[in-house]
Amino acid sequence: MKTILITGGAGFIGSHVVRGFVKKYPHYHIINLDKLTYAGNLANLKDIENEPNYEFVKEDITDAEGMNAVFQKYSIDGVIHLAAESHVDRSISNPMEFIFTNIVGTVNLLNAARLSWKENTEQKRFYHISTDEVYGSLGETGHFTETTAYDPRSPYSASKASSDHLVRAYFHTYKLPVVISNCSNNYGSFQFPEKLIPLSINNIRNNKPIPIYGKGENIRDWLFVEDHARAIDLIFHEGKSGETYNIGGNNEWTNISLIRELCKIMDRKLNRPKGTSEQLITFVKDRAGHDLRYAIDSSKLQRELGWKPSLQFEDGLEKTVDWYLANEKWMNNITSGDYQKYYESQYVKR
Ligand code: NAD
Ligand code: DAU
């Protein structure tokens, strides 16, 4: 029996990781620790909430004592740390939340693990989930590798870069058995509709404008979330201590071409005449410091651990659209209340 602490398990990627671990490893005790911020939603885990190997703990990672208490209460063998403030636009309007959760929260977990794991550390693992945004912005060519120098440019990416540095510092200084992965943009079910793809699907469904920042020429490398969750499982079990692994889809799209592709799928699914959804595309003021291009070289992970993405983007996007259209209630629940206020201040008043 192993006890695995997964932080941020009620969020988008975390819920896929928790579900995967609960189902695949019945002999593991999976603890999902989450503060349930606006982005955390236990409805994301409805299907597994009664499984005997699953437990939810409502805690805030910025609470150092709380983290120590969790490590005292449970005999934790491994941590998969996903809890974070994750949205770049929110980091521009409210950076401090990102400093507290992403930096201080990560250090609290590192400290709690260090204090509790005094012996047999070769059996333990602290896995920190990070982002390709720490590497900064690419021009038209090149890819981020694990040795690309850090050059974060938003409060979000700077806070993630900072936490990555601290995780590595605990490896070198205290011999804490850490591993890190840096992944590109994820898409799929259960993503909060502040992010480009679910926001656009929801707006198209409701005949609302699709806000595209600048000219829509920024490029992202998209990966299906279940492929990321599979990579996390693999790295958690087989990655080498102290190492970093890049994870990416090898799947670059400009925002505008991605949204046009999405519009075609939505017209077909909603039985609307071709070209209807594209008319909703609206170019709005650009994001401050908007990174031009991200592209990940994931050859190390492919070569050393045998991972590769499983889905073609067009298939993954279609699957994603089907999920959001079939789960209107989920979307309606999270877009009522505070979401409206966020949307107003982010888009209407810009
Ligand atoms: P998300 O915003 O959907 O979920 C974050 C989760 O963390 C939520 O459940 C939230 O309640 C929880 N949380 C936030 N602050 C907390 C706190 N102080 N204490 C405890 N829990 C807290 O995020 P996501 O998109 O699923 O991203 C998960 C992780 O993966 C993040 O670390 C992010 O940086 C990283 N990542 C995301 C992507 C992406 O495309 N979404 C890509 C690469 C890496
Ligand atoms: O690269 C990994 C990162 O991907 C993760 O670390 C972040 O947590 C995750 O949020 C994501 O960051 P992005 O900023 O790339 O994702 P977002 O969905 O916010 O935006 C994708 C692109 O679309 C980006 O170029 C900005 C643009 N965009 C976004 C929104 C929300 C728009 O044009 N309009 C929008 O309304």
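The values are calculated or read from the model by the stated rules, or taken from the named source; none is laboratory data. Since the model is a prediction, treat every value here as computed from it, not as a measurement. Glycine also receives a Cβ, built like all others from the backbone with ideal geometry; neighbour counts cover every protein chain displayed. The protein model used for the area step is the full one, side chains on, heavy atoms only, and it has no ligands, DNA or RNA in it. Shrake-Rupley method; radii C 1.70, N 1.55, O 1.52, S 1.80 Å.
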Legend entry - the stretch 307-319: number of residues that are open to solvent by less than 60 Å² (accessible area, probe 1.4 Å) and without any contact (Cβ under 8 Å) to a residue 60 or more places away in the chain: 1
Legend entry - Residue ranges of helices (runs of 4 or more DSSP H) in the stretch 264-347 with at least 3 members closer than 17 Å to Phe224 by Cα: 313-326
Legend entry - Boolean, Thr121 is in contact with a Lys or Arg (Cβ under 7 Å, 6 or more places away or on another chain) and β-branched (Val, Ile, Thr): yes
Inset, instruction - Tell me, yes or no, whether the stretch 17-32 has at least one residue that is within 16 Å of ligand 2 (Cβ to nearest atom) and either at pLDDT below 95 or open to solvent by less than 20 Å² (accessible area, probe 1.4 Å) (or both). - result: yes
Legend entry - Unique residue being within 23 Å of Ile92 (Cβ to Cβ) and modelled with pLDDT of 95 or more when the list is Lys329, Lys308, Lys319, Lys285: Lys285
Legend entry - Breaking point among (1) open to solvent by less than 80 Å² (accessible area, probe 1.4 Å); (2) more than 16 Å from ligand 1 (Cβ to nearest atom), for Thr335: (2)
Inset, instruction - Taking Ile92 as the residue in question, decide whether it is out of contact with any strand residue (DSSP E or B) (no Cβ under 7 Å at 6 or more places or on another chain) and in contact (Cβ under 8 Å) with a residue 60 or more places away in the chain. - result: yes
Inset, instruction - Would you point out the residue of the stretch 178-202, among those that are away from ligand 1 (no atom under 11 Å from the Cβ) and assigned to a helix (DSSP H, G or I), that is farthest from Asn218 (Cα to Cα)? - result: Asn202
Inset, instruction - From the list Gly40, Gly14, Gly9, pick out the single residue that is without any contact (Cβ under 8 Å) to a residue 60 or more places away in the chain, within 14 Å of the chain's Cα centre (by Cα) and either part of a loop (DSSP other than H, G, I, E, B) or under 19 Å from Asn186 (Cα atoms) (or both). - result: Gly40
Inset, instruction - Would you check if Trp323 is closer than 19 Å to Phe12 by Cβ and among the aromatic types (Phe, Trp, Tyr)? - result: yes
